[in-house]
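Nothing in this text is a laboratory measurement; each read-out follows from the coordinates by a stated rule. This one's a predicted model, so the numbers in the text were calculated from it and none came from an experiment. All Cβ positions, glycine included, derive from the backbone under ideal geometry; neighbour counts span all protein chains shown.
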Amino acid sequence: MNRGLRWRDLLNVLSGVMMIAALYLVFLYAPREATMGDVQRIFYFHVASAWVGFFAFFVTLLAGIGYLRTRTRASDIVGLSSAEIGVTFTAMAVISGSIWAKPTWNAWWPWLQEPRLILVTILLLIYLAYFMLRAFLEDEEQKARFAAVYGIVAFAGVPVTFMSIHWWQRLHPIVFEKQGAGLTQPMLGTFMFCLLTFTVLYFSLLLHRSRLASLADEVQELTQRLQTGPGGRK
Amino acid sequence: MSYLFAAYAVFWTLTFAFVFSISSRQRRLEKEIESLQRALEAERQHVSE
């Protein structure tokens, strides 16, 4: 058994066990919030999804810097895999946020009242364009180089989206302020555990998605070898 | 309560869809690699004969 398989198995089991524990904490351990009621429990997975989305885009930024410095295929694979996970989890955060908004703000998508809704949509579109850019370019080296630069520049949208609720202070609640978190101890413990669980899930998915890209490379290499033939003929 | 159910249904649907997409693509590529390796082996044997 190789080391990659052991890490993947370990993270699979760990993320599964932690996810069950997180569900227990969210639904049975954390107290019912006084004002919003049970719908507040969306918050735990909503923020954790947004965290994974932003963290994944940060890894794409790091992988982009790594690729430009080393020109290794591994950096490009990590950047691509992380961007895919980032888009999935950001979409999760957007949809769950909209479901939470309906009973809380009485609107599914009050984008004129809340700048973060506009900014997070722009962020999603920016990272969808990352995949379009990759799809349009045929030369592998050029694709990896352009994607690395794009991944670095695109990350500028993340801090702007994150800070928007502090800069404009409209509808979106601010949980963590300078005075501390606006949560009780069991709520804070549940929230931190959900963040950790989603981070472990992120690394598990990153390993699987990266392996997928490596397998695609192997197929390409074997196809080329088959076309060239064992004697090197065309 | 229905909003809470809907939100968690979204989490699980998207997570499982993503995991399923990765695993099905992995299986397809693994099969492709096996058949390519078999084809390469057959060609190697053909050349050595």
Taking B:F16, A:F45, A:F193 and counting other beta carbon atoms within 10 angstrom, the fewest-first order is B:F16, A:F193, A:F45
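Once you average over the residues of A:204-217, how many Cβ atoms of partner chains fall within 10 Å of each Cβ? Spell out each step's value before the answer.
Details: counts 1, 4, 0, 0, 6, 5, 0, 3, 7, 2, 1, 8, 5, 1.
For peptide A:204-217, the averaged partner shielding equals 3.
Ranked by Cβ crowding within 10 angstrom, fewest neighbours first, how are A:D76, A:D139 ordered?
Numbers: A:D76 24, A:D139 9.
Going from sparsest to densest Cβ surroundings: A:D139, A:D76.
Once the Cβ-Cβ distance between A:R32 and A:W167 is put in as r, and R0 is 45 Å, what FRET efficiency do you end up with, to the nearest 0.05? Please list the in-between numbers first.
Values: r = 32 Å, r/R0 = 0.70.
About 0.90, to the nearest 0.05.
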Cα gyration tensor of region A:39-213, axes a ≥ b ≥ c as square roots of the eigenvalues: rounded (a/c below 1.5), prolate (a/b > b/c) or oblate? prolate
Within 10 Å of the Cβ of an average residue in A:32-43, the count of other chain Cβ atoms is 2
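Exposure proxy check: A:V59, A:V39 ranked by fewest other beta carbons within 10 Å? All intermediate terms of the calculation are to be shown ahead of the outcome.
Numbers: A:V59 22, A:V39 18.
By the 10 Å Cβ count, ascending: A:V39, A:V59.
If you average the sequence gap of Cα pairs under 8 Å that are 6 or more apart and divide by the length of chain A, what percent do you get for the contact order? Before the final figure, lay out each step's value.
Working: 218 pairs, mean separation 70.4, N = 234.
Once divided by the residue count of chain A, the mean separation gives 30 percent.
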With θ set to phi - 60°, apply the Karplus curve 6.51 cos²θ - 1.76 cosθ + 1.60 along region B:11-21 and write out the HN-Hα couplings as whole Hz, x wherever there is a Gly or Pro. 4, 5, 4, 5, 5, 5, 4, 5, 5, 5, 4
Under the classification rounded if a/c is under 1.5, otherwise prolate if a/b is larger than b/c and oblate if not, where does region A:1-51 fall, given a ≥ b ≥ c as square roots of the Cα gyration tensor eigenvalues? prolate
Residue-ordered couplings for region A:59-66, obtained by feeding phi - 60° into the Karplus form 6.51 cos²θ - 1.76 cosθ + 1.60 and rounding to whole Hz (Gly and Pro as x), are 5, 4, 4, 4, 5, x, 4, x
